[in-house]
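Asks: Here you go, one structure.
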Amino acid sequence: MINQRNNFINLSRIRQEFKHVISEDEMNNIEGFVRTYQRYQAGANEIGTKLSNLDDDFRLTYDYAPIHSMESRMKSPESIIEKLVRKQLPVSVDNIKENIFDIAGIRVITSYIDDVYSVADLLKKQSDITVLKEKDYIKNPKSNGYRSLHVIFSVPVFQTDGVYDVPVEVQFRTIGMDFWASLEHELVYKNNLDSETKKQYQTDLEHYAAELSDMDRKMRDIFKDLHPQN
Ligand code: GTP
Ligand code: MG
């Protein structure tokens, strides 16, 4: 086990150390950003715990764990600023809260397609969280072949000074969809390919996405036959 010693942000020390160079307004903005960012992280922790609890109970009840793996990530401050600039919005904490819903992100990878929906539905049913937005790119795949279920949840986070509702973006997908999305993502950012080759690979990937989707269904059917009680 590795004990992580994270450098925690000492707001009062920043205030003290930089009081001659940072105005009160600037300091309030920094503090606002740090507190907001931490709340989003807390939101991701809450949803992550809910998901692993569901996975554990599923295993206990059905002798089978639906979640293959999970990844949690925080959007970097650079990407948050980039996104606001792209949307032509002034960079402020209020604009972050009102316009960016994927600061906290969790990716849930399941082995089987049915588990995408069973896990998502069990999470949606929990009484303390609400669904802000949902995009089902499995039922309606993107034209490039991208498939995943995206749900933005609002989750309460209990802080020392009260409760805050925080959005967390959860992407549910199968191993096959994840496999596809990783390669496609890499292709998008590759600039050393000539445009013909890139286009060919995009067409290939579109076909592979359909094949993987076929495979997801066939594997599910065999799995269901092996586990008729589920
Ligand atoms: P963003 O501004 O990028 O968040 O777009 P959006 O608000 O329309 O969100 P959407 O739900 O469409 O997609 C958000 C996330 O899904 C992205 O940040 C990616 O992680 C993933 N995603 C969406 N489309 C694709 C795609 O075509 N390929 C891959 N590899 N990932 C995708
Ligand atoms: Mg995004």
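The values are calculated or read from the model by the stated rules, or taken from the named source; none is laboratory data. A quick note: this is a predicted structure, and the numbers were derived from the prediction, not measured. Reconstructed Cβ throughout: ideal geometry from the backbone, glycine too, with neighbour counts over all protein chains shown.
Asks: Looking at the structure I just gave you, is Val91 more than 14 Å from ligand 2 (Cβ to nearest atom), under 20 Å from Tyr37 (Cα atoms) and in contact (Cβ under 8 Å) with a residue 60 or more places away in the chain? Give the derivation first.
Replies: Numbers: more than 14 Å from ligand 2 (Cβ to nearest atom): yes; under 20 Å from Tyr37 (Cα atoms): yes; in contact (Cβ under 8 Å) with a residue 60 or more places away in the chain: no.
Spelling it out, it is not the case that Val91 is more than 14 Å from ligand 2 (Cβ to nearest atom), under 20 Å from Tyr37 (Cα atoms) and in contact (Cβ under 8 Å) with a residue 60 or more places away in the chain.
The rows are residues; the columns are (1) surrounded by 13 or more Cβ atoms within 10 Å (Cβ to Cβ); (2) at pLDDT below 95.
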residue	(1), (2)
Ile14	yes, yes
Lys19	no, yes
Gly32	yes, yes
Tyr40	yes, no
Ala44	yes, no
Lys83	yes, no
Asp94	no, no
Arg107	yes, no
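Asks: Name every residue in the range 99-140 that is among the acidic types (Asp, Glu) and either within 14 Å of ligand 1 (Cβ to nearest atom) or over 22 Å from Tyr164 (Cβ atoms) (or both), in order of residue number. Spell out how you get there, then give the answer.
Replies: Step one: of the range 99-140, the residues among the acidic types (Asp, Glu) are 102, 114-115, 121, 128, 134, 136.
Those that are among the acidic types (Asp, Glu) and either within 14 Å of ligand 1 (Cβ to nearest atom) or over 22 Å from Tyr164 (Cβ atoms) (or both): Asp102, Asp114, Asp115, Asp121, Glu134, Asp136.
Asks: Same structure, new question: Which residues, taken from the range 69-100, are touching a Lys or Arg at 6+ places or on another chain (Cβ under 7 Å) and either hydrophobic (A, V, I, L, M, F, W, C) or in a helix (DSSP H, G or I) (or both)? So that I can check it myself, show each step before the final result.
Replies: Filtering the range 69-100 down to residues touching a Lys or Arg at 6+ places or on another chain (Cβ under 7 Å) leaves 70-71, 99-100.
Across the range 69-100, the qualifying residues are Met70, Asn99, Ile100.
Asks: May I ask you to verify whether Val151 is within 16 Å of ligand 2 (Cβ to nearest atom), of a type in the set (Val, Ile, Thr), more than 30 Å from Thr130 (Cβ to Cβ) and without any contact (Cβ under 8 Å) to a residue 60 or more places away in the chain? First the steps, then the outcome.
Replies: Numbers: within 16 Å of ligand 2 (Cβ to nearest atom): yes; of a type in the set (Val, Ile, Thr): yes; more than 30 Å from Thr130 (Cβ to Cβ): no; without any contact (Cβ under 8 Å) to a residue 60 or more places away in the chain: yes.
Against the criterion (within 16 Å of ligand 2 (Cβ to nearest atom), of a type in the set (Val, Ile, Thr), more than 30 Å from Thr130 (Cβ to Cβ) and without any contact (Cβ under 8 Å) to a residue 60 or more places away in the chain), Val151 does not qualify.
Asks: Could you check how many residues of the range 114-135 are within 16 Å of ligand 2 (Cβ to nearest atom), surrounded by 14 or more Cβ atoms within 10 Å (Cβ to Cβ) and either in a loop (DSSP other than H, G, I, E, B) or not aliphatic (A, V, I, L, M) (or both)? Steps first, please.
Replies: Residues of the range 114-135 that are within 16 Å of ligand 2 (Cβ to nearest atom), as a first pass: 132-135.
Remaining after also requiring surrounded by 14 or more Cβ atoms within 10 Å (Cβ to Cβ): 132, 135.
Filter again for either in a loop (DSSP other than H, G, I, E, B) or not aliphatic (A, V, I, L, M) (or both), leaving 135.
Result for the range 114-135: 1.
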